[in-house]
Each structure stands twice: as C-alpha cells, then as structure tokens.
Amino acid sequence: MAFANPFWLLLLGLLPLFWFWRGKQYVGLSALGGLRQIKGGEFLLRLPLIFLNLAWIALVAALARPQIAHNEGNEVIMSRDIIVAVDISGSMGTAFAGKIPPPEKGNTELDKEVPANAAEPKDKSKQEEQQRRIDAAQSAITRFVRQRFVSQESDRIGIMAFDDEPHWSWPLTDDLKMIYRKGVFIDHGVGGGTNFGNTYPGPIDAACEHFDECGKAATKVIIMVTDGEDYLHSSTISRLYSLLTDRSVRLYVIGVGERLTMRDVDITQLAASVGGTVFLVEDADAMARCFDMINQLERSEIKIASKIAYHDVFYYFVAAALVMVFLAAASDVFIVSR
C-alpha cells in the first residue's frame with residue numbers, strides 16, 4: 001500500500017502532544033472513582049480517549065489517500081539474459097596486437113553519466129602503453145552495451161570479472177547505464193591467475209547460479225572474454241558441461257592472445273562440446289565483430305507487467321474513523337458517564 005498525499009501523515013505527530021497535554025486525565029462526565037479500584041477499571045475509564053485517538057489516526061490516513069497498486073495485464077517482450085564474464089588475470093595485461101579504436105561518443109544518457117573516455121589515461125603520452133588485451137575487451141563490451149541502449153533493446157545484462165575467483169561487477173539488469181559504467185572500469189585491478197572452475201566457483205558456476213536465481217528469459221547467454229591461459233581437469237569439464245546443458249545456456253568464448261589463436265585450449269573445447277561458438281581474435285576490430293555476431297542470437301519471450309494501476313481505499317479509513325467516533329461516544333455514555 002502507498003499514500004498519494006503522504007504529507008498529511010505529519011498530523012499524526014499531534015497525538016503525542018495531545019497525550020502530553022492530557023496527562024492522566026480521562027474522558028467522562030462523572031468521576032466514577034470506584035472503577036479505579038477494580039481490575040481493568042483504569043482502562044475502561046480511558047476507552048473513549050483511546051477510540052478518539054484511533055479515529056484520528058484513521059482520519060489522517062484517509063486524508064493521505066491510501067492506494068493499493070496492482071498490475072493490469074502483462075506485456076510479452078522478446079529478451080535475452082546475458083552475462084559477460086571478463087578475464088582480468090595478469091596475462092590480460094599483455095600487449096594487444098593492432099590499434100584499439102577510440103571509444104564511441106554521443107549525446108545519450110550513457111555519455112552524460114559516464115564519459116566514453118573516462119577510463120583513458122590522463123597522460124596521453126602513455127596511452128600507447130595501455131593497449132592491452134583487457135583494453136580491447138573493455139572497448140568491445142562498452143560498444144556492445146551502447147548498441148543495446150541506443151536501439152532500446154530489452155536484453156538484461158550482467159557483468160562479471162574473474163581471475164582466481166569470480167567478482168560480480170553488477171547482476172542481471174535492464175539498467176544498461178549501470179552496466180556501461182561497470183564496463184568502462186572493468187580493467188581496474190588486473191592481476192592474479194585464471195580459474196575457469198578447477199577451484200570452485202569459477203565464472204560459469206557463478207553465472208549458472210545467478211541464472212537460477214534471477215534469470216527470466218529462456219535464452220541464456222554467457223560471453224566469456226579470456227586469453228585462455230588455464231587448463232581444466234576432466235572432472236571440472238564434466239561439471240561445467242552439465243551446468244550449461246541442463247540449463248540450455250549458450251556459451252560464447254572470445255579468445256584473445258597468441259595461445260588461443262594458435263591452438264585449441266580446454267575452455268574452447270568446452271564451448272564447442274556444448275554447441276557454443278569460439279571466436280579467436282587477434283585485433284580489436286575482430287573482437288568488436290564477435291559481439292556484433294552474438295547480437296544476432298535469437299531472443300525468447302518473457303512477460304513483464306505492462307501497467308501498474310492504483311486504486312483508492314481511503315473510504316475504508318473514513319468508515320473506520322466513523323466507527324471509532326461512535327464507539328468513543330458509546331463508551332462515554334455507557335461506561336464512564338453512568
């Protein structure tokens with residue numbers, strides 16, 4: 001329940017002042033002091049005052065216009081649940097081949113809240129030193145989120161960083177401005193090793209658990225950006241395979257770095273075994289194209305509340321106030337004043 005005019009509730013603050021002024025007085029035309037001598041007599045003498053106070057509370061609540069909200073029908077939209085898992089291990093700080101394109105700029109709400117160049121080094125002379133694998137990943141992710149925002153698509157996106165363990169930057173949400181903000185600063189704190197799941201939990205474990213808790217769309221996607229410099233035990237591969245197939249999760253691996261582009265590694269073999277896709281990229285343009293191809297993935301239907309309506313229920317409080325006034329008068333006549 002909500003109140004349309006909640007400022008009227010400030011009048012409830014008069015009640016403590018009234019009680020302080022009244023002190024120990026009671027309402028009544030005659031002082032049947034004998035009532036005070038019997039068990040419960042003091043309470044009976046105060047009944048009219050108690051009912052009047054309850055009437056005041058109900059009347060103030062009615063003035064505040066209490067309303068009950070409910071959904072009027074559901075709207076069916078096409079959407080996907082996408083979790084972007086970004087490898088921030090030490091090896092992702094290695095220099096990346098090719099030139100990373102400058103951040104896209106515009107006049108959207110994204111640019112007002114987080115400038116596209118917010119993560120760029122202040123010393124432009126050192127900018128070339130910053131061309132790392134993680135920078136290429138950051139550039140592709142922010143471009144992907146920007147496209148979703150500008151086209152007003154209904155995808156829900158979550159973003160996670162991982163090294164020795166997963167670190168949630170933000171859970172699944174349709175607030176793409178927040179995801180964009182987290183993507184801009186995803187490169188902070190690069191270091192540590194790469195753990196795909198040999199030590200529980202890995203990024204796939206965390207993502208699947210999150211889908212179970214918060215997923216809405218039937219189309220569930222994990223996009224993993226990594227240089228793949230880790231191996232997987234056979235037991236780990238079996239566990240991750242079951243997690244993905246049991247939930248029909250699509251796994252896309254965007255591999256960067258020489259090791260991935262030269263040969264298959266365990267994480268790419270896992271993606272292939274569950275029907276996912278592996279993109280092996282050697283420059284920033286190729287990475288951006290990977291996200292563009294992933295965007296072609298079909299969406300599934302989800303139901304959302306299309307409209308919230310509010311119905312006034314103040315008349316119930318008015319009726320309650322009238323009943324309390326009647327009970328106050330009745331108790332004064334039949335209990336106190338007799």
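The values are calculated or read from the model by the stated rules, or taken from the named source; none is laboratory data. Just so you know, these numbers come straight off a predicted model, no measurement behind them. All Cβ positions, glycine included, derive from the backbone under ideal geometry; neighbour counts span all protein chains shown.
Some notes on this structure:
- Residues in segment 174-204 that are assigned to a helix (DSSP H, G or I), touching a residue at least 24 places away in the same chain (Cβ under 8 Å) and either farther than 23 Å from TYR231 by Cα or among the β-branched types (Val, Ile, Thr) (or both): LEU176, LYS177, ILE179, TYR180, ARG181, GLY183, VAL184, ILE204.
- Tally of residues being surrounded by 22 or more Cβ atoms within 10 Å (Cβ to Cβ) and aromatic (Phe, Trp, Tyr) across segment 172-192: 1
- Residue match in segment 81-88 (condition: modelled with pLDDT of 85 or more, not charged (D, E, K, R) and not in a strand (DSSP E or B)): yes
- Any hit, segment 147-156, residues being in contact with a Pro (Cβ under 8 Å, 6 or more places away or on another chain) and buried (at least 23 other Cβ atoms within 10 Å of the Cβ): no
- Within segment 151-173, restricting attention to residues that are of a type in the set (S, T, N, Q) and part of a loop (DSSP other than H, G, I, E, B), the residue that is modelled with the highest pLDDT is SER151.
- Residues in segment 193-212 that are surrounded by fewer than 15 Cβ atoms within 10 Å (Cβ to Cβ) and either aliphatic (A, V, I, L, M) or more than 22 Å from the chain's Cα centre (by Cα) (or both): GLY193, THR199, TYR200.
- Test for THR142: is it modelled with pLDDT under 90, closer than 30 Å to ARG239 by Cα, hydroxyl-bearing (Ser, Thr, Tyr) and crowded, with 20+ Cβ neighbours inside 10 Å: no
- Some residue of segment 288-302 being touching a Gly at 6+ places or on another chain (Cβ under 6 Å) and at pLDDT below 75: no
- Of all residues making up segment 215-239, the number that are farther than 24 Å from MET293 by Cα and of a type outside the set (Val, Ile, Thr): 9
- Close pairs from segment 145-165: first not assigned by TED's automatic domain parsing to the domain that holds ARG181, partner not in a helix (DSSP H, G or I), Cβ under 9 Å, at least 6 apart: none
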